[in-house]
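See below for the structure under consideration.
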Amino acid sequence: MSDAQKSDSINTAQQVPIVILTDLDGTLLDHHNYSTTAAKETLALIKEHKLPLIFNTSKTQAEVTQLRRQLDNTSPYVCENGSALYYPDETGQMTCLVPGASYDTILKVLSQLRKDGFHFRGFNDMTDTEVAAVTGLSTDDAYLAKQRAATEPLLWQGSVEELAAFQAALTDHNLRLLEGGRFYHVMGRADKAEGVSFFRDFYHKHWQSEPTMIALGDGGNDVAMLEVADFPIIIPGDKRTITVNNTNAVTADFKGPKGWNQILLPLLQQLIKENCGG
Ligand SMILES: [Mg+2]
């Protein structure tokens, strides 16, 4: 079984029904050195109590697979901003659910829009070397970033007016355009909140008890996930800190894994104590 397919056994009794969903870059991973060291105490507690730690990220499956291996994580995961959910089926095999449009559908629509006169260059149009050059990734990592399931990043090459028309054309095809830093992302109607609702039902079914959903994130694309979580934890952003419409939201004092550890450790200790009756 490959690492991408390796998963926890989920049909076991769960003493502590807690599910944690986390963004990676700038949240669990340090923005600069990608380290999780500052969160190691909490990561050990999560492992000890066998709590699912679900990565909910804009990264692709190929990129997440590498990180799960490095971080010894066997939980389900969510890729491409909620557009592809990976979970074990009855046999324990990792299965992918694409709640919105598939990558094939997106590429077909983009090819039509190009014929209609819109100017852009997507990852699918670029070689690994070209993706490496525009993202700053290594060529190997650019290859992983090009293995997509349900979203297409692109560089816009038209005018601002044409961009508005492009966006309207995507809406007609039931797609949307998400503005990232450098890239625009064409995707179906999914967001990171999808992971919270899907895995709330998933674990409820498997554990026969309602799980408590904790979510952590630092970016604009994390807001939807944080708003539907029971315990949303906001990590201060690199440039600005997001605001979330959820009365339970707590903001950490520190960026990245240090802030992740600061808020999550006492919260888990308290919830574990309540669930274990001690
Ligand atoms: Mg982030």
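The values are calculated or read from the model by the stated rules, or taken from the named source; none is laboratory data. Owing to the predicted nature of the structure, the values given are computational and were not obtained by experimental measurement. So basically every Cβ, Gly included, is an ideal-geometry build from the backbone, and we count neighbours across all protein chains shown. The protein model used for the area step is the full one, side chains on, heavy atoms only, and it has no ligands, DNA or RNA in it. Shrake-Rupley method; radii C 1.70, N 1.55, O 1.52, S 1.80 Å.
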Practice item. Determine the distance separating the Cα centre of the stretch 15-31 from the Cα centre of the stretch 245-274; give it in Å without decimals. Key: 10
Practice item. Using just the helices of the chain, give the 222 nm mean residue ellipticity in deg cm²/dmol: DSSP H runs with n ≥ 4 each add -39,500 (n - 2.57), and the total is spread over all residues, rounded to 500. Key: -11000 deg cm²/dmol
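Taking all protein chains together and a probe of 1.4 Å, list Leu107, Leu97, Leu113 from the most accessible to the least accessible. Mind dumping the intermediate values first?
On the way: Leu107 40, Leu97 60, Leu113 5 Å².
Final ranking, largest accessible area leading: Leu97, Leu107, Leu113.
Rounded to the nearest 5, what is the percent of antiparallel bridges among the DSSP beta bridges in the chain? Working shown, then result.
On the way: 18 of 35 bridges.
For the chain, the DSSP antiparallel bridge percentage is about 50.
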Check your understanding: Given a 1.4 Å probe and the protein chains all in place, what does the accessible area of Lys255 round to, in Å² to the nearest 10?
Key -> 110
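What per residue convex hull volume, in Å³, comes out for the chain when only alpha-carbon positions are used? Please list the in-between numbers first.
Details: hull volume 37.6 nm³, N = 278.
Per residue, the Cα convex hull of the chain comes to 135 Å³.
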**Study point:** Rounded to the nearest 10 Å², the accessible area of Asp230 at probe 1.4 Å
**Key:** 50
Practice item. Once you have the Cα-Cα distance between Lys205 and Tyr143, take 0.36 nm times their residue separation minus that, and quote the gain in nm to one decimal. Key: 18.6 nm
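Using the Cβ atoms and a cut-off under 14 Å, what net charge is assigned to the surroundings of Gly136, where Lys and Arg are +1 and Asp and Glu are -1?
Values: positive: Arg182; negative: Asp25, Asp128, Glu130, Asp140, Asp141.
Neighbour charge sum, excluding Gly136 itself: -4.
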Check your understanding: Once you list every other residue whose beta carbon is under 12 Å from the beta carbon of Leu24, what net charge do they have if Lys and Arg are +1 and Asp and Glu are -1?
Key -> -3
Exercise for review: Return the long-range amide H neighbours of Ile18 (sequence gap of 5 or more, or a different chain), with a cut-off of under 5 Å between placed amide H atoms.
Suggested key: Thr212
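Measure up Lys40/Lys239; Lys40/Lys192; Lys108/Lys255; Lys146/Lys192; Lys108/Lys205 against 30 Å on the Cα-Cα distance and list the ones that go over. Write out the running numbers ahead of the final one.
Details: Lys40/Lys239 25 Å; Lys40/Lys192 25 Å; Lys108/Lys255 40 Å; Lys146/Lys192 20 Å; Lys108/Lys205 37 Å.
Too far apart for the 30 Å limit: Lys108/Lys255; Lys108/Lys205.
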Check your understanding: Taking H as built 1.01 Å from N, whose amide H comes closer than 5 Å to the amide H of Ala84, not counting residues under 5 places away?
Key -> Cys79
